[in-house]
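*Asks:* Below you will find the structure I want to go over with you.
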Amino acid sequence: MTAEAGLPDTLRDLPTWTPDARELADMELVLAGVYRPLTGFLGSFDTAMVIAGGRLADGTPWPVPVTLAVPKELTDHERIVLQDPEGVPLAVLQVVERWQDPTTNAWQLAGPLEALRAPAHGPFHRLRRRPDEVEPGAGPLLAVATGDPLHRKQLGQLRQVAEGLGARVLVLPLLSGAHDESLVRAVLGVRKELPEGTQIIPVPLPARGDAPDRDILLHAHVAAAYGATHLLAEREVEGTAIPVAVPEPWAYDADVEVWRPVARIEPDHVQAELTPERLGELLDAGEPVPDWFTPPAVAAELALARPPKRSRGITVLFTGLSGSGKSTVARGLADALVERGGRTVTLLDGDVVRRLLSAGLTFSRADRDANVRRIGFVAAEITRHGGAAICAPIAPYAATRAEVRRMVSAAGDFVLVHVATPLEECERRDRKGLYAKARAGLIPEFTGISDPYEAPDDADLTLDTSRLTPDDAVARVLDLLVEGGWVRPE
């Protein structure tokens, strides 16, 4: 694919690529100067040094790899236009190295970036600032980088540390792609409870997940780029760009009904913390979040971001061999949910999708993956708007099913049902004669015969329709949804 019109003549014939969400975030922060001294995506040696010791090859401290994965066919080019998900060109990558990740074998490109235009995607973009757009102030500046709302405990700790340092406050909501708008609204909703003059600047910075210490190192680097002199964090980590301020433990004093340092509370007056698990249970059940735990503005945003399960969007993906009975069970489930009422139900059956949404695709591995991704995209949108998507493709490959799970889980809930009917039974039921044609070599890459089916090891339910009637199989799925809280009992 070549770059679109509207670019300089020298760039119009260049290939284009849309990085994933993390890579787009990294690119934006590089171009904004937040990741200084980085000027682009890292090469193999820098990446290996960062992973091994938290430093670039020249010895400069740097906490996390900043890399760009691309299809192999793009590795032949010297320059590539990088664009956002809407196809808007954002930057040109000057390729100086092509390399393969030794752990994933994915192809990577490294080199400096040249900005074409400022990114304009994402919620609350008007609040986002480059470091050079922030006016410096006098004295200490305490930053808190958070992917979660600030509850009463965190607000109290933040005020105490800021007062102790005599510092102004900078809140950096970390945009991760999941409920970003709710996070920013929740932070804005408690602005009156933050120290006067607090700045709020959203930053596109998804969590790395498997390296919390390196997350703190990265947060400190980002905060320092915005002029912060201290970072509020749960613990100190060696090598941060600015000092870490660790707040003393706080708890809710049930005797006087206020949050304050634990050292000032009688032991028998300390109320048990509301754990993340318990908070999730309250939201799933649609019960109110207690006022002692969080301000009403934050509670309202939590409820919007995580509606009660009975009204939350959900995708149920059936996977199994051709003839396994997944379409029959999926139709039965869709009918049962419609009969019970309470939510919009959409059935995305494999054969129907093939005729409409995926018309023109072949049965090659690439096209089968594309078909499942299309189903996943539509299902995620249905889920995002509170509906129930019932999907019944073969979906033979684990990686593609995992991709669909990620897409849907960013919008709501996902349930995977493996219809594990034995191959022999599927062949016996073969009304279309597909298995016979496949065994005769007339249908290449046929799942279960000439192409593998990767049985899921993460299924929420496994069914064998050679041992169950269609009604019994539907009842099993309904029982799972009722037990999980998504469907009301009859």
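The values are calculated or read from the model by the stated rules, or taken from the named source; none is laboratory data. It should be emphasised that the depicted structure is a prediction, and the values quoted were computed from it without experimental measurement. Because the Cβ atoms are built from the backbone with ideal geometry, glycine has one as well, and the counts that use them run over all protein chains shown.
*Asks:* Any residue at all in segment 202-220 that's in contact (Cβ under 8 Å) with a residue 12 or more places away in the chain, within 22 Å of residue 295 (Cβ to Cβ), assigned to a strand (DSSP E or B) and not assigned by TED's automatic domain parsing to the domain that holds residue 35?
*Replies:* Checked against the condition, which is being in contact (Cβ under 8 Å) with a residue 12 or more places away in the chain, within 22 Å of residue 295 (Cβ to Cβ), assigned to a strand (DSSP E or B) and not assigned by TED's automatic domain parsing to the domain that holds residue 35, segment 202-220 yields no hits at all.
*Asks:* Shifting gears a bit: Quick test of your reading of the structure: residue 171 fulfils all but one of (1) in contact with a Pro (Cβ under 8 Å, 6 or more places away or on another chain); (2) more than 28 Å from residue 413 (Cβ to Cβ). Name the failing condition by number.
*Replies:* (1)
*Asks:* If I ask for residues that are of a type outside the set (A, V, I, L, M, F, W, C), farther than 13 Å from residue 326 by Cα and surrounded by fewer than 16 Cβ atoms within 10 Å (Cβ to Cβ), which ones from segment 452-471 would you list?
*Replies:* Matches in segment 452-471: 452, 454, 457, 458, 467.
*Asks:* When you look at residue 24, is it closer than 18 Å to residue 95 by Cα, assigned to a helix (DSSP H, G or I) and in contact with a strand residue (DSSP E or B) (Cβ under 8 Å, 6 or more places away or on another chain), yes or no?
*Replies:* Spelling it out, residue 24 is indeed closer than 18 Å to residue 95 by Cα, assigned to a helix (DSSP H, G or I) and in contact with a strand residue (DSSP E or B) (Cβ under 8 Å, 6 or more places away or on another chain).
*Asks:* Now a separate question. If residue 52 satisfies every condition in (1) in a strand (DSSP E or B); (2) surrounded by fewer than 14 Cβ atoms within 10 Å (Cβ to Cβ) but one, which is the exception?
*Replies:* For residue 52, the exception is condition (1).
*Asks:* Being over 17 Å from residue 231 (Cβ atoms), outside the structural domain of residue 214 (by TED's automatic domain parsing), surrounded by fewer than 17 Cβ atoms within 10 Å (Cβ to Cβ) and not basic (Lys, Arg) narrows it down to one residue among 61, 65, 85; which is it?
*Replies:* 85
Let's see how each residue does on (1) surrounded by 15 or more Cβ atoms within 10 Å (Cβ to Cβ); (2) on the phi < 0 side of the Ramachandran plot:
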position: 311; (1), (2): no, yes
position: 317; (1), (2): yes, yes
position: 331; (1), (2): yes, yes
position: 336; (1), (2): yes, yes
position: 352; (1), (2): no, yes
position: 356; (1), (2): no, yes
position: 360; (1), (2): no, no
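*Asks:* How many residues are assigned to a loop (DSSP other than H, G, I, E, B), touching a helix residue (DSSP H, G or I) at 6+ places or on another chain (Cβ under 7 Å) and among the aliphatic types (A, V, I, L, M) if we restrict to segment 411-449?
*Replies:* Residues in segment 411-449 being assigned to a loop (DSSP other than H, G, I, E, B), touching a helix residue (DSSP H, G or I) at 6+ places or on another chain (Cβ under 7 Å) and among the aliphatic types (A, V, I, L, M): 3 in total.
*Asks:* Here's a follow-up. Check 406, 373 and return the single one that is assigned to a helix (DSSP H, G or I) and either touching a Cys at 6+ places or on another chain (Cβ under 7 Å) or in contact (Cβ under 8 Å) with a residue 24 or more places away in the chain (or both).
*Replies:* 373
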